[in-house]
Amino acid sequence: MKPAAWRVGLFVLVGAALLSLAVVIVAGRWFAASERAVMRFDSSVFGLQVGAPVVFRGVRVGQVDTIGLAPEGSGGVTIPVTVEFDRALLRDLIGEKPPAGAAVAVLVERGLVARLAMQSLLTGQLYVDLDLDASRA
């Protein structure tokens, strides 16, 4: 067989292997169990971006999915931020298996609060910091 044929065959095999690896990595994220929640902030979210981490006491439990605007209501203008949580990490935090889609609600009942925190002083990027506030439970 000619050397050029070997090179083409090797190139095709390496390309197929890389494509398979990419599909496995991306599909693992697409099919991971997640739960969405909307947080409303009444202050500026300048510096918060889609994809920013959502962290509970230093552990990344999700990411920002969308940032929007809400019409002015009785409480003033709010900024709705939709977050996508990793359901397995929320279940570990709760310590029990909540009904499907109810893990965030259980945590809110236990005093879960969100605030914006500085991710980088240099760039001004923000992230969502979560914690349990016993006084709000």
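The values are calculated or read from the model by the stated rules, or taken from the named source; none is laboratory data. No experiment lies behind these values; they were computed from the predicted model shown. A quick note on method: Cβ atoms are made from the backbone with ideal geometry, for glycine too, and the neighbour counts reach across all protein chains shown. Each accessible area value is taken on the protein alone, full model and side chains, heavy atoms only, with ligands, DNA and RNA left out. Shrake-Rupley method; radii C 1.70, N 1.55, O 1.52, S 1.80 Å.
Since only Leu126, Leu89, Gly68 are under comparison, the one whose Cα sits farthest along the positive direction of the charge dipole of the chain, derived from C-beta charges on Lys, Arg, Asp and Glu, is Leu89. Computed over the stretch 4-137, relative contact order equals 24 percent, with contacts defined as Cα pairs under 8 Å that lie 6+ residues apart.
Exposed loop sites here are GluC sites (Glu not before Pro) in DSSP loop states with at most 13 other C-beta atoms within 10 Å. What is the longest stretch of the chain lacking them? Of all site-free stretches, the longest is 1-71.
Rolling a 1.4 Å probe over the protein heavy atoms gives the chain an accessible area of 69 Å² per residue. For the stretch 54-129, the square roots a ≥ b ≥ c of the C-alpha gyration tensor eigenvalues yield an a/c of 1.5 or more together with a/b not exceeding b/c, which makes the shape oblate. Only the Cβ atoms of Lys and Arg (+1) and of Asp and Glu (-1) were treated as charged; on that basis the dipole of the chain about its Cα centre amounts to roughly 640 debye.
Just checking the listed ones, Leu122, Leu112, Leu90: in the Gaussian network model of the chain with Cα springs under 10 Å, the one fluctuating most is Leu122.
Can you give the calculated 222 nm mean residue ellipticity of the chain, where each DSSP H run of n ≥ 4 adds -39,500 (n - 2.57) and the sum is split over every residue, rounded to the nearest 500 deg cm²/dmol? Helix-only estimate at 222 nm: -10000 deg cm²/dmol.
Calculated FRET efficiency, Glu96 to Val12, Cβ-Cβ distance, R0 = 41 Å: about 0.25 to the nearest 0.05.
Amide H to amide H distances under 5 Å link Leu48 with Leu126, where only residues 5 or more positions off or on other chains count and H is placed in the peptide plane.
Counting only protein heavy atoms and a probe of 1.4 Å, the accessible surface of the chain is 62% carbon and sulfur.
Helix 3-30 and the long axis of the chain differ in direction by around 20°, with both axes built from C-alpha atoms.
Of the two radii for the chain, the radius of gyration is 1.19 times the Kirkwood radius, both from the alpha carbons; that is the Rg over Rh value.
Modelled this way, with points 7 Å down the Cα-to-C-beta line, the labels at Phe41 and Ala117 are 1.4 nm from one another. Exposed loop sites here mean chymotrypsin sites (Phe, Trp or Tyr not before Pro) with a DSSP loop assignment and at most 15 other beta-carbon atoms within 10 Å; the chain contains its longest site-free run at 47-137.
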